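Below is one structure, written out as structure tokens; comments come after it.
Just so it is clear, none of the values below were taken in a lab; they were calculated from the coordinates. In this text, all values refer to a predicted model and were calculated from it rather than measured experimentally. So basically every Cβ, Gly included, is an ideal-geometry build from the backbone, and we count neighbours across all protein chains shown.
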2 protein chains.
Amino acid sequence: MDVDQGIVDLLGVLAYGELSAFDRMSEDARAAPTLAGRAALSAMAAAEMGHYARIERFLAERGARIEDAMRPFIGHFDTWHASTAPRSWLESLVKAYVGDGLAADLYREIADWLNEPERTLVLDVLADTGHSAFAEREVQAAIEHDRTVRDRLALWGRRLLGEALTQAQYVVAERDQLTELIVTGTGDLAGIAALFRRLQQQHGKRMAALGLG
Amino acid sequence: MDVDQGIVDLLGVLAYGELSAFDRMSEDARAAPTLAGRAALSAMAAAEMGHYARIERFLAERGARIEDAMRPFIGHFDTWHASTAPRSWLESLVKAYVGDGLAADLYREIADWLNEPERTLVLDVLADTGHSAFAEREVQAAIEHDRTVRDRLALWGRRLLGEALTQAQYVVAERDQLTELIVTGTGDLAGIAALFRRLQQQHGKRMAALGLG
């Protein structure tokens, strides 16, 4: 295999993140109250598979199977999704928006640690986003005159992040070469803590953009 | 609106065909027996949304809303999907393969009747296919040593086509301007019958390619 195990792990995390996001968003799209909403969330789901295909090709060119790369992380993602199953259309939209944003922030951080050609791969995947204007509009309209809905969704956003960080810490703790890659990338163990803090801050800004800050 | 109602109807049929295929395939992907199968069917589903986005943009540029264009055809597609809900992974794969192939044949026929710029739109959407090699491999491997599975899937393929043609005839009968476009395109009412025959022949070839001929 023509690529470090730490990189394979990292790409496996990203790939299963995409595949499982596709899975959840496509299911949530079915519960959309309008045809436009259904199409918008379906399009967000479909974009994940475009990212997935790039990672799959990159790994295949280096003799690594994407299924093997993803396998160690399936449990953590599935646990996250099970513990954050949306109970309404608005919760689905907030989850899609927050999840996509968190992934983009993570991709951006990761790109800084990598050499070529991995850096270009990660930046390419990151560039193909911007499907979330619909979620912003819908959530903002829904909370404009409803304080209760606003408060509930704000709480929901905090829970999404909390559960994601919990699972992320398990992943980092379990995979030695991935940990090494992250420690080297961020500088040291304090660097990992700083990374998590930055992700939390960016999440806060994103919630504010939805009107949930 | 800067486009004929017959064309809007036609694009509405194609668009809802894509959106509902996305919906069914993404649900069926969840029941895949392997991670590779799940990713392959998810990728086929995602490709539908790429087609959908092109039709949406084309209509929007001409002042037509894709939701309005699709609405008259939702019932027929949903009836088709409900009457052909797969009961196994192999039935899901055959349906995805047959549905994609039938859509491609239909796009090819339609392109012949259209003027620019509609013709280019339809040919562009058609060009972005070729996600079905996985389905061919899986089905061929499954039936190689199992005559019973082979016979059941052959019957399934015939049912998929039969139910599709039934719904297609309702659609043609209900929409005057769409009927007119098809009659003009195919020459006359006998031309419509010939079109249906060609679709049946091409379906037969496709079943043979799966080993189900």
Helix B:189-209: angle to the longest alpha-carbon principal axis of chain B, degrees 0 to 90, nearest 10? 30 degrees
Once fully extended, how much extra length lies between A:T148 and A:A190, figured as 0.36 nm per residue of separation less the alpha-carbon to alpha-carbon distance? 11.3 nm
Measuring nothing but label to label, 7 Å from Cα along Cα→Cβ, what are B:E180's distances to the other copies in nm, shortest first? 7.2
How large is ³J(HN,Hα), in whole Hz, for each residue of segment A:17-34 in order, when computed from phi with the Karplus curve 6.51 cos²θ - 1.76 cosθ + 1.60 and θ = phi - 60°, using x for Gly and Pro? x, 5, 5, 6, 5, 3, 4, 6, 5, 5, 5, 5, 4, 4, 8, 5, x, 10
When Lys and Arg each count +1 and Asp and Glu each count -1, what net charge do the other residues less than 14 Å away from A:G191, Cβ to Cβ, add up to? -2
Could you run the Karplus curve 6.51 cos²θ - 1.76 cosθ + 1.60 with θ = phi - 60° over segment A:78-93 and give me ³J(HN,Hα) per residue in whole Hz, x for Gly and Pro? 5, 5, 4, 5, 5, 7, 10, 6, x, 9, 7, 4, 5, 4, 4, 5
Rounded to whole Å and ordered largest first, report the semi-axes of the equivalent ellipsoid of segment B:47-187 derived from its Cα gyration tensor (root of 5λ). 31, 18, 14
Can you compute 3J(HN,Hα) from phi for each residue in segment A:48-62, using the Karplus curve 6.51 cos²θ - 1.76 cosθ + 1.60 with θ = phi - 60°, rounded to whole Hz and x for Gly and Pro? 4, 6, x, 4, 4, 4, 5, 5, 4, 5, 4, 5, 4, 5, 10
I'd like the per residue volume of the convex hull spanned by the Cα atoms of segment A:57-106, given in cubic angstrom. 100 Å³
What is the local net charge at B:R30, summed over the other residues whose Cβ is closer than 14 Å to its Cβ (Lys, Arg +1; Asp, Glu -1)? -3
What relative contact order, as a whole-number percentage, does segment A:89-212 give when Cα pairs under 8 Å and 6 or more residues apart are counted? 39 percent
To the nearest µm²/s, what D does Stokes-Einstein give for segment A:130-205 at 25 °C and 0.890 mPa s, using the Kirkwood radius over alpha carbon pairs as Rh? 167 µm²/s
Got the B:E136 label distances to the other copies yet, label 7 Å along Cα→Cβ, in nm, shortest first? 4.4
Could you work out how far apart the two model spin labels at B:R30 and B:A209 are, taking each label as a point 7 Å from the Cα in the direction of the beta carbon, and quote it in nm? 3.0 nm
In a shell of Cβ-Cβ distance under 13 Å around A:D4, excluding A:D4 itself, what net charge do Lys and Arg (+1) and Asp and Glu (-1) give? -3
Ordered by number, the trypsin sites (Lys or Arg not before Pro) in segment B:67-176 that occupy a DSSP loop and have at most 13 other Cβ atoms within 10 Å are B:R87
Cross-link reach from A:K205 to lysines, straight Cα distance under 20 Å and at least 8 residues apart if same chain, gives A:K95
Chain lengthening between A:D124 and A:Q200 when straightened (0.36 nm per residue, less Cα-Cα): 25.0 nm
Equivalent ellipsoid semi-axes for segment B:90-130, as square roots of 5 times the alpha carbon gyration tensor eigenvalues: give them largest first, rounded to whole Å. 24, 9, 5
Based on Cβ point charges of +1 for Lys and Arg and -1 for Asp and Glu, what charge dipole magnitude is obtained for the protein assembly as shown about its Cα centre, in debye rounded to the nearest 20? 840 debye
Assume the label is 7 Å from Cα along Cα to beta carbon: what separations in nm does A:A82 have to the matching positions in the other copies? 3.2
Size of the protein assembly as shown along its principal axes in angstrom, Cα-based, largest extent first? 76, 59, 36
Go through B:V149, B:A164, B:F22 and say which Cα lies farthest out towards the positive end of the charge dipole of chain B; charges sit on Cβ, +1 for Lys and Arg, -1 for Asp and Glu. B:V149
How are the alpha carbon pair distances in segment B:37-130 distributed across 5 Å bins from zero to the largest one, expressed in percent? 2, 11, 18, 23, 22, 14, 7, 3, 0
How high is the relative contact order of chain A, given as a whole-number percent (alpha carbon pairs under 8 Å, six or more residues apart)? 26 percent
